[in-house]
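Notes follow once the structure below has been shown.
The values are calculated or read from the model by the stated rules, or taken from the named source; none is laboratory data. Owing to the predicted nature of the structure, the values given are computational and were not obtained by experimental measurement. Note: ideal-geometry Cβ built from the backbone for every residue, glycine included; neighbour counts use all protein chains shown.
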Amino acid sequence: MTQPLSEQDRERLRKVVGVMRSATIEGEKVAATKAAERIAESLGMTLADAIDEAFDHVAEASYDERQAQRHENMVWAASMARMTESYERSEKYRYMMAKQEALRRGLTEETVKPARIQSNPPRRYIPGAKDEFRLIAGLLREGCSLRRTAEVVGCSTNAVAKVWLLMRADNAA
């Protein structure tokens, strides 16, 4: 008799199937497969049916969530660009004030490096791969889990693990 999966059963099955699919040691894969089969049997399903049922609702809810997270990431990146532009303007202002103060104290124009002021058109910030790398690295440094980081950034856990391994290699060197 087939019964609907509770959220707890779904989560258990997702975890076991995740180990089953990603394990690199043959013994781990065999143990995870047997565990998944036991769970499916206790629910009165075949392993394939249980996996389909466990992962059925994930794809539907995840797409909207991922779109919202990507939008949040874009908003964050745009605000970071605005903050950077504001910082650049304040630094230019501080430089000009320091230069005027130096001239007031008696330094000549030749000793004070002339400021190169240019009016930059407003930039349209489009985040790239390096930005995603920096965002992932920052979240991992803050203590976010691989899964949570992948959800926030809107990428796969493999991409997050790759960044984590690269960060670990840099720290070891």
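Are any of the residues in the range 120-143 modelled with pLDDT of 75 or more, in a loop (DSSP other than H, G, I, E, B) and outside the structural domain of GLN69 (by TED's automatic domain parsing)? Scanning the range 120-143, I find at least one residue that is modelled with pLDDT of 75 or more, in a loop (DSSP other than H, G, I, E, B) and outside the structural domain of GLN69 (by TED's automatic domain parsing), so the answer is yes.
Yes or no, residue by residue, for (1) in contact with a Cys (Cβ under 7 Å, 6 or more places away or on another chain); (2) free of Cβ contacts under 8 Å to residues at least 60 places away in the same chain; (3) assigned to a helix (DSSP H, G or I); (4) within 30 Å of VAL153 (Cα to Cα):
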{"position": "VAL17", "(1), (2), (3), (4)": "no, yes, yes, yes"}
{"position": "GLU41", "(1), (2), (3), (4)": "no, yes, yes, no"}
{"position": "ALA50", "(1), (2), (3), (4)": "no, yes, yes, yes"}
{"position": "TYR63", "(1), (2), (3), (4)": "no, yes, yes, yes"}
{"position": "ARG70", "(1), (2), (3), (4)": "no, no, yes, yes"}
{"position": "TYR87", "(1), (2), (3), (4)": "no, yes, yes, yes"}
{"position": "LYS92", "(1), (2), (3), (4)": "no, yes, yes, no"}
{"position": "TYR95", "(1), (2), (3), (4)": "no, yes, yes, no"}
{"position": "GLU101", "(1), (2), (3), (4)": "no, yes, yes, no"}
